[in-house]
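Let me begin by presenting the structure, written as structure tokens, before commenting on it.
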Amino acid sequence: MLPIIDIGSLDPTLNDKEGWLRVAKEIDQACRTNHFITEKRFKEFMNATKQFFELSTEEKMKIYIGNSKNHKGYVEMQSEHLDPTKKVDYKEALDMGLNYKMADPNNPTNTLNGPNQYPQSLGQEWVDVIESYAKDVLEKVAKRLMQTMAYNLGAPLDYFDKLFNERNVSTLRIIHYPPRLAEENEDEIAKLDPSEQYEKMDTVGCGTHTDYGCITLLYQDEIGGLQVRNTDGNWIEATPIPNTFVVNIGDMMMRWSNDLYKSTPHRVISHGNKDRYSSPYFFEPYGDAIVACLPSCHSDSNPIKYPPITCNDYLSMKFDQTHGYRQHQIDLEKLNNNNNQPEQLKQ
Ligand SMILES: O=C(O)CCC(=O)C(=O)O
Ligand SMILES: [Fe+2]
């Protein structure tokens, strides 16, 4: 089981330096939030999540992500593909941003900052539940965790706070995993332990991947199925614990810290006959923020491992690789460019 770090008891002032460093070092664990997010808020949020996925496909497709210029909206069943050695992920999702402040819509460095698409039929009350949860988790939990990491990395305490300004492109996602499809050798698979099951399956809920941003706070219902690879390289089950987030380190944090923090591989096996709901919240800075190795994280004997890249470029590259609708747009663009070429240059 993932050990729990109890950030509820963390002294908000820097008097408790040891406590801050302990949290910063153990951060890729489960994280109990105690009094930061109330049980009531978690319950309301999970009810709203289920309510959305109970809508008809027709209703959900009204807010299809492929209709958004900024990667916001409904990700239909079997349209994201995280592990190329498996079939497409057996899940559906809704991606939402914070809607704090819109960037210039014509600025190509900020293509991920834009209006959400909310399900009209669920009304403003639904939106209010989602937005209150989003704001609470960012302000109360994520920022505190990022401050401990900045402290641990020798950066100014507010280093990440500044990057997570009102134009940040963090994504709150809700996911539904229907019961898994039976595999050809289902009986044999059912006897294996979960980490061996993944290897033998063709279709999984969510393929092995690392998240792309700074950190992810992942909330899950009581069903289970999430596996996380620990720093020793072993896959362990992230057994659900009420009112607790699983914290995953993302690729940008790995780039900022020059591998001091390594992004956490994880994956999901769907349940045999139950629906599972979860909600990762990916914390990403504003679009044109440069993700570059922190000055305190490199030296002559520890050279910089990753070139600087903007948050927008990094995320767009990852979304292009994994989302069916973007692949489709890229193919269409190629086709159009090809059709506009002189006859002898056409491929
Ligand atoms: O559903 C989960 O527990 C994990 C989801 C996930 O890892 C993701 O969407 O990046
Ligand atoms: Fe993930």
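The values are calculated or read from the model by the stated rules, or taken from the named source; none is laboratory data. All values reported here derive from a predicted model rather than from experimental measurement. Every residue, glycine among them, receives a Cβ derived from its backbone with ideal geometry; neighbour counts consider all protein chains shown. Areas reflect the complete protein model, heavy atoms only, side chains present, ligands, DNA and RNA absent. Shrake-Rupley method; radii C 1.70, N 1.55, O 1.52, S 1.80 Å.
Among the trypsin sites (Lys or Arg not before Pro) in segment 252-347, those placed in a DSSP loop whose Cβ has at most 15 other Cβ atoms within 10 Å are LYS262, LYS274, LYS305, LYS346. Taking amide H positions as modeled 1.01 Å from N, with prolines and chain starts lacking one, the residues under 5 Å from ILE5 and 5 or more places away or on another chain are ALA30, CYS31, ARG32.
Solvent-accessible area of segment 4-345 (1.4 angstrom probe, protein heavy atoms only): carbon and sulfur portion equals 49 percent.
In the context of the full set of protein chains, residues of the chain present 47 Å² of accessible surface per residue (probe radius 1.4 Å, heavy atoms only).
Sites listed here are trypsin sites (Lys or Arg not before Pro) in segment 180-209 whose DSSP assignment is loop and whose Cβ has at most 16 other Cβ atoms within 10 Å: LYS191. Note on the chain: dipole from Cβ charges, positive end direction compared against LEU98, ILE309, LEU163; the farthest Cα belongs to LEU163.
Taking θ as phi - 60° and the Karplus parameters 6.51, -1.76 and 1.60, the scalar couplings of segment 175-183 work out to 10, 10, 10, x, x, 6, 6, 5, 7 Hz in sequence order, x denoting glycine and proline.
For segment 4-345, taking the reciprocal of the average inverse distance between every pair of different Cα atoms yields a Kirkwood hydrodynamic radius of 21.1 Å.
Shown in residue order for segment 4-20 are the 3J(HN,Hα) couplings computed by the Karplus curve 6.51 cos²θ - 1.76 cosθ + 1.60 at θ = phi - 60°: 9, 9, 9, 7, x, 8, 6, 5, x, 8, 7, 4, 8, 4, 5, x, 4 Hz (x for Gly and Pro).
Considering only ASN107, ASN243, SER68, the residue lying farthest towards the positive end of the dipole of the chain is ASN107, judged by Cα position with unit charges set on Cβ. Residues whose amide H lies under 5 Å from that of TYR286, counting only those 5 or more places away or on a different chain, are ASN165, VAL169; hydrogens are built 1.01 Å from N in the peptide plane. Here the chain is assigned +1 on the Cβ of each Lys and Arg and -1 on the Cβ of each Asp and Glu. Its dipole about the Cα centre then comes out at about 600 debye.
The mean sequence separation of alpha-carbon pairs under 8 Å and at least six residues apart, normalised by the residue count of the chain, gives a relative contact order of 20 percent. 3J(HN,Hα) along segment 229-244: 8, 7, 5, 7, x, 9, 7, 10, 7, 8, 4, x, 10, x, 6, 9 Hz, from the Karplus curve 6.51 cos²θ - 1.76 cosθ + 1.60 with θ = phi - 60°, whole Hz, x for Gly and Pro.
Largest first and in whole Å, the equivalent-ellipsoid semi-axes of segment 7-126 read 33, 20, 19, each the square root of five times a Cα gyration tensor eigenvalue. Proximity of backbone amide H atoms, modeled 1.01 Å from N, is registered between LEU157 and no other residue at under 5 Å, excluding neighbours fewer than 5 places apart on the same chain.
Given +1 at the Cβ of Lys and Arg, -1 at the Cβ of Asp and Glu and no other charges, the dipole of segment 122-178 around its Cα centre is 260 debye to the nearest 20.
The longest stretch of the chain left intact once loop-based GluC sites (Glu not before Pro) with at most 13 other Cβ atoms within 10 Å are removed from consideration, loops following DSSP, is 223-347.
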